[in-house]
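Working notes, structure below.
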Amino acid sequence: MAAQQEKNLAEERKHQNIQNGTKASQGQWGRAWEVDWFSLASILFLLMFAPLIVYYFIMSCAQYQCSLTDPLLDLLTGNKHLSDIWNRTPMLTYRAAGIYFLWVTFQVFLYMSIPDFCHKFLPGYVGGVQEGAVTPAGAVNKYQINGLQAWIITHVLWFANASFLHFFSPTIIFDNWIPLLWCANILGYAVSTFAMIKGYFFPTNAKDCKFTGNFFYDYMMGIEFNPRIGKWFDFKLFFNGRPGIVAWTLINLSFAAKQQELYGEVTNSMILVNVLQGIYVLDFFWNEAWYLKTIDICHDHFGWYLGWGDCVWLPYLYTLQGLYLVYHPVQLCTAHALGVLVLGLLGYYIFRATNHQKDLFRRTGGNCRIWGRRPQYIECSYTSVDGTRYHSKLMTSGFWGWARHFNYTGDLMGSLSYCLACGFEHILPYFYIIYMGILLTHRCLRDEHRCSSKYGKDWKRYTAAVPYRLLPGVF
């Protein structure tokens, strides 16, 4: 019943927009109402092949020393059959299932049961109960921001175990890497399926649901905008940040421990990967309240794209550099190591400074200074589904005057530094920069399509003032 009502509302909004001759529509704020053939083909491709891609990368390291071509050559030449590769793949074990269950349960406990205390003694940190952005239906959700605290508690316990308690080996993640992959897939599919069922039968906010009538698109991109259980358990915030990103640094530490166990040392390349990616993870949690204003929370609905992606894709493919260095330890020369470090830190500075400028501009309503001057901006407005008119400002000063997504440029520089730390013998560790380049370029286009629909002619004025997306003078 709720699904049919939302479809009727969608058709009514579409008819009204045609009558009014308006291209910009509040009905297009958020993901699409309709599915074109290219989007459907892309969705089907990802649903079928994304899990296989993850398996292929991890299997290549476990069975072929991280070569991406050798498995294909073996299959094409008949040296091996798919069954040979599959039979050598570790299966799900009770041990891995127990580890994963305890891990997720512990993160749920930290998320739900311990209110944030870090904001009480860390200057500049914003935690505790915070408000998110206005949803398409005009709702404003509240969130319990305590990710930094969860990260700190988790890592204190990890180092306490490694140094004193010795309940488990620091290599436990690497030693169970493929069995844990099956656990992550089970959770990813389970939460995505539950979110879809919930969207149809008991949504948190029916006005923030979207139904295209296409099962695959709705499953992939999600129906509910902000699915929740109870008042505080928000699916998007939890799965975007926990358990995957908290685990990111633990996974790298486990890889470093395995390198130490196998070779008697931890190489400078492994240290660089741990440090640079650790900075990125800590930055995410330090600015978790700011994350409430990003495209993931403000635009994306919660479906397989986020549910499975955060459980499987993120922890398994974002950590390929550390995994590669277990199989191929690389000791960089001083100049190479310093170059990687400088690139990574410069990329982080641009990423953080750009986001800080936007955050300062938003918090002060433009009453601030960017690079010593009062910022320039474009006045704009938009309408939510309930008809409420909102006003906003789009900054055209600082890094945001150089390019419309210059924060992504810094992110790409950091991503490249992780890959360069692994040397040049294999392409596998460079998957990350290739993927991030595609992801962030696509995100630019998605974000701009959303903004064009949301702001209409005001967005055209903004793009005229800031004509480039990522690289000034180029793109």
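Counting only protein heavy atoms and a probe of 1.4 Å, the accessible surface of the range 90-331 is 71% carbon and sulfur. Multiplying the residue separation of PHE215 and PHE167 by 0.36 nm and removing their Cα-Cα distance gives an extension gain of 12.7 nm. Only residues of the range 275-297 count here: report those whose backbone N is under 14 Å from the spot 7 Å along Cα→Cβ of SER392, or say none. Counting backbone N atoms under 14 Å from the label point, the list is 292-297.
Averaging the Cα positions of each part gives two centres, and for the range 380-452 and the range 74-102 these lie 36 Å apart. The calculated FRET efficiency for the pair ASN87 and PHE194, based on their C-beta separation and a Förster distance of 25 Å, comes to about 0.15. Coupling constants for the range 302-318 follow from the phi torsions by the Karplus curve (6.51 cos²θ - 1.76 cosθ + 1.60, θ = phi - 60°), and in residue order they are 9, x, 4, 4, 8, x, 6, x, 6, 7, 10, 4, 4, x, 8, 9, 6 Hz; glycine and proline get x. Solvent-accessible area per residue in the chain equals 46 Å², computed with a 1.4 angstrom probe and all protein chains kept.
Put a dot 7 Å past the Cα of ILE427, heading toward its Cβ, do the same for SER381, and the two dots end up 5.3 nm apart. Computed from Cα positions, the angle between helix 177-201 and the longest principal axis of the chain comes to roughly 20 degrees.
For the range 370-410, trypsin sites (Lys or Arg not before Pro) are listed when DSSP marks them as loop and at most 11 other Cβ atoms sit within 10 Å of their Cβ; the list is empty. Counting only protein chain heavy atoms and rolling a 1.4 Å probe, the accessible areas of TRP151, TRP86, TRP37 rank, largest first, as TRP37, TRP86, TRP151.
Between PHE159 and LEU52, the contour length at 0.36 nm per residue exceeds the alpha carbon distance by 35.1 nm. Largest accessible area first, the listed residues HIS405, HIS449 line up as HIS449, HIS405 when surface is computed with a 1.4 Å probe on the assembled protein chains. Shown is the FRET efficiency for GLU448 and VAL140, computed with R0 = 35 Å from the Cβ-Cβ distance and rounded to the nearest 0.05: 0.90. For ARG469, the residues whose modelled amide H falls within less than 5 Å of its own, excluding neighbours fewer than 5 places apart on the same chain, are ARG404, PHE475. Using C-alpha pairs below 8 Å separated by at least 6 residues, the relative contact order for the chain is 19 percent. For the chain, the longest principal axis of the alpha carbon atoms and the long axis of helix 2-20 meet at an angle near 50°.
Loop-located chymotrypsin sites (Phe, Trp or Tyr not before Pro) in the range 162-260 (DSSP state not H, G, I, E or B) with no more than 13 neighbouring Cβ atoms inside 10 Å: PHE167, PHE168. Placing a label point 7 Å from the Cα of ALA133 along the Cα-to-Cβ line, the residues of the range 355-397 whose backbone N sits under 15 Å from it are 355-356, 358-363, 380-385, 390-395. Applying the Karplus relation 6.51 cos²θ - 1.76 cosθ + 1.60 with θ = phi - 60° to the range 90-99 yields 3J(HN,Hα) values of x, 8, 4, 10, 4, 4, 5, 4, x, 4 Hz, where x marks Gly and Pro.
The values are calculated or read from the model by the stated rules, or taken from the named source; none is laboratory data. Keep in mind it's a predicted model, so treat the numbers as computed, not measured. Note that each Cβ is placed from the backbone with ideal geometry, even for glycine, and that neighbours are counted across all protein chains shown. Side chains are part of the model used for accessible areas, which takes the heavy atoms of the whole protein and leaves out ligands, DNA and RNA. Shrake-Rupley method; radii C 1.70, N 1.55, O 1.52, S 1.80 Å.
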